[in-house]
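Below is one structure, written out as structure tokens; the observations come after it.
The values are calculated or read from the model by the stated rules, or taken from the named source; none is laboratory data. Just so you know, these numbers come straight off a predicted model, no measurement behind them. With ideal geometry, Cβ positions are generated from the backbone for all residues, glycine too; neighbour counts draw on all protein chains shown.
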Amino acid sequence: MSSSQSAAASVSTEQAPANRVGNLLLSSYDWEADRETLTLGQAVQRFRDVNGYVGLPIPAKPHFLKLFRKLINGSRDPEKIYLVHDASHVLTGTTFTHNEPPLVLLAGEAAEQGLYFASRGVPKAVGWMLFYGGAFVECARRIASFRQVGRGIALGIFNQAYDYARRTRLTNLFDIPVEGLWSVSVAEARRRLGMPEGGVAEEMYREMPIDPGLAKALREEWRSFGVQR
């Protein structure tokens, strides 16, 4: 290999990480260090505590939001819906806190829903419309930001997660046997469900493309939270 070819290869190698999501969308909170000992039940409670959950979220209003939730989750009781939802975040590694860049929270939700719909066999377009339809309603209610939702769409987070779940034949997240896994470690629960040891998100984001400009902006946002990425 000539010196010019070697230099070009070196530049390509150096630039590659900037063109991949890597850990830019992963929570900086230490969710995984004790996954071999932390039980699923403890992890779900941690997820709720870190994000300030007090009981169940406020019931959906206006009423057409209830329709979105029913289409997404079926006719389950709210307690079951939120239990499975939170366990899904913990098991797939699509965790987040509200004290991190807003796109991290949105990415966690978009990725979890992409994995969720794909694992249930729901057509991608239907799942996308349900998730982002609900997201835009939240934007209209000023609970979410149109800008952040737009960034998530541009990144293709939902589609990437959906394709990953179909490709890896991810276990059906609608039917997670939460009660049966409640007292086993997060790592063991993942093993029983055939999930990656470090969670789905870490593996999925590793090769997910990202625009260098957005990657730079996200790194700057992380620095404003005192985190180097």
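Results for (1) in contact with a Pro (Cβ under 7 Å, 6 or more places away or on another chain); (2) among the aromatic types (Phe, Trp, Tyr); (3) without any contact (Cβ under 8 Å) to a residue 24 or more places away in the chain; (4) more than 22 Å from residue 222 (Cβ to Cβ), shown as yes or no for each residue.
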| site | (1), (2), (3), (4) |
| --- | --- |
| 111 | no, no, no, no |
| 116 | no, yes, no, yes |
| 127 | no, no, no, yes |
| 130 | no, no, no, yes |
| 148 | yes, no, no, no |
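In segment 109-134, the residue that is surrounded by the most Cβ atoms within 10 Å (Cβ to Cβ) out of those that are at pLDDT 95 or above and of a type in the set (Ser, Thr, Tyr) is 116.
If only one of 184, 178 is touching a strand residue (DSSP E or B) at 6+ places or on another chain (Cβ under 7 Å), surrounded by 13 or more Cβ atoms within 10 Å (Cβ to Cβ) and at pLDDT 95 or above, which one is it? None of the others qualify; the one that does is 184.
Taking every residue in segment 173-195 that is free of Cβ contacts under 8 Å to residues at least 60 places away in the same chain and pairing it with any residue that is surrounded by 13 or more Cβ atoms within 10 Å (Cβ to Cβ), at least 6 positions away or on another chain, the pairs with Cβ-Cβ distances below 6 Å are 194/171. Taking residues in segment 91-107 that are free of Cβ contacts under 8 Å to residues at least 12 places away in the same chain, and partners anywhere that are assigned to a loop (DSSP other than H, G, I, E, B) and crowded, with 21+ Cβ neighbours inside 10 Å, the pairs with Cβ atoms closer than 8 Å and at least 6 places apart or on different chains are 105/96. Residues that are over 22 Å from residue 47 (Cα atoms), under 16 Å from the mean Cα position of the chain (by Cα) and β-branched (Val, Ile, Thr) within segment 150-196 comprise just one, 153. The single condition among (1) of a type outside the set (A, V, I, L, M); (2) in contact (Cβ under 8 Å) with a residue 12 or more places away in the chain; (3) surrounded by fewer than 17 Cβ atoms within 10 Å (Cβ to Cβ) that residue 199 does not satisfy is (3).
Selection over segment 135-160 of residues that are β-branched (Val, Ile, Thr) and either under 21 Å from residue 205 (Cα atoms) or at pLDDT 95 or above (or both) gives a count of 3. Per the conditions (1) at pLDDT 85 or above; (2) surrounded by 14 or more Cβ atoms within 10 Å (Cβ to Cβ); (3) part of a loop (DSSP other than H, G, I, E, B), the sole criterion not satisfied by residue 33 is (2). If you go through segment 153-169 and pick out every residue that is farther than 12 Å from residue 127 by Cα, assigned to a helix (DSSP H, G or I) and among the small types (Gly, Ala, Ser), you end up with 2.
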